[in-house]
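Novice: Below is a structure I'd like to ask you about.
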Amino acid sequence: MELAYYSDLAVRLVNSEEPVRGNDALTSVDAVRALFGESKQAARRATDADVTRLRSVRARLRAVFEAAAEGDEIRAVDLLNALLMEFPVSPQISGHATRDEDGRPDWHMHIADYAANAGAGFAATASMGLAFHLTELGADRLGICEAAPCRNAYLDTSTNRSRRYCSDRCATRANVAAYRARKRLDAERAAADRSPTPREDRDRTGRTAEAAQDTSPAMER
C-alpha cells in the first residue's frame, strides 16, 4: 500500500486552511484539483460542489489530528472510523512497474476510486491512508505544529518520534522565540537580583533620615 502517498492526502487537505490566521486556500474547483496531485484522472471529475464537500471532510480530519496530538487516541480512532464508514474504499491488486529482469509486475495493494464524486473519492482515499498510517506507526505519529500561530497537521516519520513542527521553518521560528523568551527571563531575573529588598529599602530610608538630622543646623534641633 502506498501509505506515504495516501496519508499525505489527508495532511494536504487539512493544511489547505490556516484557521488561526483566517486563511483558506480551498475556495475553487481548481484548488480541489490541485489537492489530488498526480491523480489527474480523479481531479478531472472535480466540480464546484466538491469545494463544500471537502471543506466538511477537512474539519473532521483536523479533529483526528488534534485528538491524536492531545494524546486522546481513542477519540482519534473513533473520528477516523466514522470517516471510513461514510467513505468506504475498494482495494485492488495493482502492478505499475516490473520488479526483476523477467518483467514480472511489482504487485501491491492499491485503493480503487469508485466514489460517486471527486470529493468522496478524495475523502475515502485520504481517510484510508491515514488509517493505515495510524495502525502501522501509532496515533502519536499524527501531530499538530506547536509553533504558534501555525496549526498545520503533519505525520511524524522521525526515528525517535520527536517531531513537533510541520516544517523546518516553523522549527526555526519556535527555537528563536524560545531563545528570546529565555533571554528576557534572564534579564528580568538579573534586574530582580539588583533590586533592593523591602528591608533594605527601610534600612536605607532610616539611614537617610538619620543623616539628614545630623546635618541639620543646631538651632533647628
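Novice: Please report the Cα spread of the stretch 3-166 along all three principal axes, rounded to whole Å, starting with the longest.
Specialist: 53, 41, 27
Novice: Let me ask something else. Order the peptides 165-176, 79-90 from the highest to the lowest mean number of other Cβ atoms within 10 Å of their residues.
Specialist: Packing proxy ranking, top to bottom: 79-90, 165-176.
Novice: Next question, about the same structure. When you count, for each residue, the other Cβ atoms within 10 Å and take the mean per peptide, how do 118-129, 50-61, 20-31 rank with the highest first?
Specialist: 118-129, 50-61, 20-31
None of the figures in this text is laboratory data; all of them are computed from the coordinates on show. Only a predicted model underlies this, so the values are computations on that prediction, with no experimental measurement involved. Because the Cβ atoms are built from the backbone with ideal geometry, glycine has one as well, and the counts that use them run over all protein chains shown.
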